[in-house]
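Data first, discussion second: the structure below is written as structure tokens.
The values are calculated or read from the model by the stated rules, or taken from the named source; none is laboratory data. Model, not experiment: these values are computed from the prediction. When the accessible area is computed, the model is the full protein with side chains, heavy atoms only, and any ligands, DNA or RNA have been set aside. Shrake-Rupley method; radii C 1.70, N 1.55, O 1.52, S 1.80 Å.
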Amino acid sequence: QVQLEESGGGSAQAGGSLRLSCASSGTIFTINAMGWYRQAQGKERELVATITRGGSTNYADSVKGRFTISRDVAKNTVWLQMNSLKPEDTAIYYCNAKWGLLDAWGQGTQVTVSS
């Protein structure tokens, strides 16, 4: 079983930056992809960014050029550097890890961006 713990959420002004971290623990299988998703109040959870073991990345159009996902494969840790934040980035951000047909989710961390 994989446990994921996010940190680094909080509040920022529009145009500011935050950095999210997600560390995995427990029985560590070969985690293939790790990523970040977010859910704003009243909306469905959506993909923000993902990264594979090989380093291939995928970003939502809304965050391209502003957010950067990175990963330490050996430590099964993933980060999300968020720059040029906008009020519409306000959401709960969830870390996700995938291996085989299974996946795990963190408990989420709140990001609030004020104008």
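The table below lists the values:
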{"item": "Accessible surface of the chain, 1.4 Å probe, proportion on carbon and sulfur as whole %", "result": "48"}
{"item": "Stokes-Einstein D for the chain, Kirkwood Rh over Cα pairs, 37 °C, 0.692 mPa s (µm²/s)", "result": "234"}
{"item": "Extension gain (nm, one decimal) between E44 and Q107, 0.36 nm per residue minus Cα-Cα", "result": "21.1 nm"}
{"item": "Relative contact order, percent, the stretch 19-115 [alpha-carbon distance under 8 Å, six or more residues apart]", "result": "31"}
{"item": "Average accessible area per residue (Å²) across the stretch 1-67 - probe 1.4 Å, nucleic acids and ligands excluded", "result": "56"}
{"item": "Under-5 Å amide H pairs with A33, H placed in peptide plane, nonlocal only", "result": "K98"}
